[in-house]
């Protein structure tokens, strides 16, 4: 009995193909039933996310080309696909199938390396197959080991460390300046999508008080309502007045000139008694004149600064890949030795 | 083992401080990316030996070992080392050891100079509960100022990285600058209160030959130190002196304290 994988992912297939082969959650148990009844596999788990559609299976048959051709045929027929398929559909036999499973669980095969969402999705897919008794000793062992390896990699390496998006980088910066974000108020200048995402990211880390300002007061009110309790609005011509109480300002307007410069901020900083102020300028063209960063206790980050942080984090994750692959290789060897001894 | 004196124990402690200093250089270079216990343990070993050395000296003298420059310096370092170990237990504060180790090592090497520790009899002239209180609280105040300087150095390092947008600011396991500023201020206040208590206790001590206190170099120096720290705190707390300037001030004043501590002692009739 050996573990095999067949599927397609963001690495091999475009989104049009991935969505064509996606399994609806309610249809997964039926698909696994059919596969098992065909005698091709004895155990199976279907993982279907926006970035990958994969079948993990344990089979008593020899995992050769003929075997994979039959599983591919099932895959195509099950989705009534009549187009051409080339390298989009990949297949793995042991030990590569186990390596792939471990990599997927640890987020190493994800679009954003090291992301953790896939861990939950894989666990959910396994739980579904387990509850319907589509898994047995072989896949149970492989999946349990995959979850353990993913946790081990998370704690022993830096693969999941740091912010790989502009919004999360802004939040991380705020946490390096302020001890408790719940105690600080945020001013959101501009009611666009980016502002909303950044405000939500800040809320997820404890920010409770947000004030929104926008040229169109209707949009400001709408965003304030979206952001929920504790969110206020301030008329566009009055936003400098709230600088006395806020500590973080996120600016993303469509203005073509700077809306905040040194001459405007200097007296505001005096009124703030020089408390630290984090300015996040995610607008292009920039809303805030870079000269304000020369002021004491002002920390200004624009979209390029945040992108550079996210890119460096991503690069660090890539550097960690070798270490993670080494851990996975060791764990797969250990698992296979354990299986062979039985 | 009669040849093995408290000075040998202190020497071993300084060796551990030295090892922690070398290890700190690696931590600095790596940008404090891992929550590190090695430095903490090296420093803890040093403080344990240091405590042993002070205990041995204290038991020999049957009083608080603060009778000459060596003893005063080791007492100051001990207060600094112990406080660093306690503060390092706070979340994200373990790297305080990496900032404290170089101070403990360099001042420890200075304290080991034989001329700072002239032999004295079993009953030193400098004794009594009020004198012990005077010396111990003032040296603990210096320890608090030292730790405040360490916190200020951490603040400046982190603040600089944030200001110039270095990724190191995010990668390091250092606390937020707001927290570092609060700790630095708190430690300076603690040091200032201890210094005030120590100086007040000193004012109640009998005057040698009835000479006015302010004729003594060390008393004038201590009064100036008290005023400088008062100015630092008042300017920061009530006149919004920016945190960066306050942190730099705390470091400069403590560096001056260390540099002039021995010299003023040397010229002081009351303390020599």
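The values are calculated or read from the model by the stated rules, or taken from the named source; none is laboratory data. The model shown is predicted, which means the values in this text are computed figures rather than measured ones. Glycine gets a Cβ as well: all are built from the backbone with ideal geometry, and neighbour counts include every protein chain shown.
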task = Report, by residue number, each residue of region A:270-292 that is more than 9 Å from every other protein chain (Cβ to nearest Cβ), in a helix (DSSP H, G or I) and surrounded by fewer than 21 Cβ atoms within 10 Å (Cβ to Cβ).
result = A:271, A:290, A:291
message = One residue is enough: does region B:99-111 have a residue meeting the conditions crowded, with 20+ Cβ neighbours inside 10 Å, in a loop (DSSP other than H, G, I, E, B) and either at pLDDT 90 or above or not assigned by TED's automatic domain parsing to the domain that holds residue B:179 (or both)?
response = no
request  = State all residues of region A:248-269 that are within 28 Å of residue A:182 (Cβ to Cβ) and away from every other protein chain (no Cβ under 14 Å); if no residue qualifies, say none.
outcome  = A:249, A:250, A:251, A:252, A:253, A:259, A:260, A:265
query = Is one or more of the residues making up region B:157-166 closer than 22 Å to residue B:230 by Cβ and either in contact with a helix residue (DSSP H, G or I) (Cβ under 6 Å, 6 or more places away or on another chain) or assigned by TED's automatic domain parsing to the domain that holds residue B:23 (or both)?
reply = no
message = Conditions first: (1) over 21 Å from residue B:15 (Cβ atoms); (2) within 20 Å of the chain's Cα centre (by Cα). Residue B:91 passes all but one, so which condition is the exception?
response = (2)
task = Confirm whether residue B:226 is surrounded by 14 or more Cβ atoms within 10 Å (Cβ to Cβ) and either within 14 Å of chain A (Cβ to nearest Cβ) or at pLDDT 95 or above (or both).
result = yes
query = Restricting attention to region B:28-43, does a residue exist that is at pLDDT below 90, surrounded by fewer than 19 Cβ atoms within 10 Å (Cβ to Cβ) and more than 25 Å from residue B:157 (Cβ to Cβ)?
reply = no
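Could you please let me know if residue A:169 is buried (at least 23 other Cβ atoms within 10 Å of the Cβ), within 14 Å of chain B (Cβ to nearest Cβ) and either within 21 Å of the chain's Cα centre (by Cα) or touching a residue at least 12 places away in the same chain (Cβ under 8 Å) (or both)?
Numbers: buried (at least 23 other Cβ atoms within 10 Å of the Cβ): yes; within 14 Å of chain B (Cβ to nearest Cβ): yes; either within 21 Å of the chain's Cα centre (by Cα) or touching a residue at least 12 places away in the same chain (Cβ under 8 Å) (or both): yes.
So residue A:169 fits the description; yes.
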request  = Would you mind finding the one in A:314, A:306, A:295, A:300 that is touching a strand residue (DSSP E or B) at 6+ places or on another chain (Cβ under 7 Å) and within 12 Å of chain B (Cβ to nearest Cβ)?
outcome  = A:300
note = Note on residue B:174: of the conditions (1) within 24 Å of residue A:301 (Cβ to Cβ); (2) in contact (Cβ under 8 Å) with a residue 12 or more places away in the chain; (3) part of a helix (DSSP H, G or I), unmet is (3)
inquiry  = Against the definition (away from chain A (no Cβ under 14 Å), modelled with pLDDT of 90 or more and surrounded by fewer than 20 Cβ atoms within 10 Å (Cβ to Cβ)), how does residue B:13 come out, yes or no?
reply    = no
request  = Restrict the check to region A:239-257 and report whether at least one residue is within 28 Å of the chain's Cα centre (by Cα), in a loop (DSSP other than H, G, I, E, B), surrounded by 17 or more Cβ atoms within 10 Å (Cβ to Cβ) and assigned by TED's automatic domain parsing to the domain that holds residue A:203.
outcome  = yes
Test: residue in region A:332-342 that is out of contact with any helix residue (DSSP H, G or I) (no Cβ under 8 Å at 6 or more places or on another chain), within 12 Å of chain B (Cβ to nearest Cβ) and not in a loop (DSSP other than H, G, I, E, B) = no
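Going through B:18, B:52 one at a time, which residue ends up being touching a residue at least 12 places away in the same chain (Cβ under 8 Å), surrounded by fewer than 16 Cβ atoms within 10 Å (Cβ to Cβ) and farther than 13 Å from residue B:85 by Cα? Quick ask: steps written out before the conclusion?
Working: B:18 fails: surrounded by fewer than 16 Cβ atoms within 10 Å (Cβ to Cβ).
Only one candidate qualifies: B:52.
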query = In region B:198-212, is there at least one residue being within 14 Å of another protein chain (Cβ to nearest Cβ) and more than 19 Å from the chain's Cα centre (by Cα)?
reply = no
remark   = If we ask which residues in region A:164-205 are farther than 21 Å from residue B:90 by Cα, touching a helix residue (DSSP H, G or I) at 6+ places or on another chain (Cβ under 7 Å) and not in a helix (DSSP H, G or I), their number turns out to be 7
key: Members of region A:309-324 found to be over 18 Å from the mean Cα position of the chain (by Cα) and surrounded by 16 or more Cβ atoms within 10 Å (Cβ to Cβ), listed by number   = A:324
inquiry  = Restricting to region A:117-162, name every residue that is exposed (fewer than 15 other Cβ atoms within 10 Å of the Cβ) and more than 14 Å from chain B (Cβ to nearest Cβ).
reply    = A:117, A:120, A:124, A:127, A:131, A:132, A:133, A:136, A:137, A:144, A:148, A:151
key: Neighbours by Cβ (under 6 Å, 6+ apart or cross-chain): first from region A:71-86, more than 17 Å from residue A:5 (Cβ to Cβ); second part of a loop (DSSP other than H, G, I, E, B)   = A:79/A:21
key: All positions within region B:144-170 that are facing chain A (nearest Cβ under 7 Å) and modelled with pLDDT under 90   = B:165, B:167, B:169, B:170
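Among the residues of region B:178-187, is any away from every other protein chain (no Cβ under 12 Å), surrounded by fewer than 18 Cβ atoms within 10 Å (Cβ to Cβ) and free of Cβ contacts under 8 Å to residues at least 60 places away in the same chain? Lay out the reasoning, then the answer.
Initial filter on region B:178-187 (away from every other protein chain (no Cβ under 12 Å)): B:184-187.
Filter again for surrounded by fewer than 18 Cβ atoms within 10 Å (Cβ to Cβ), leaving B:186.
Those still in the list that are free of Cβ contacts under 8 Å to residues at least 60 places away in the same chain too: B:186.
Yes.
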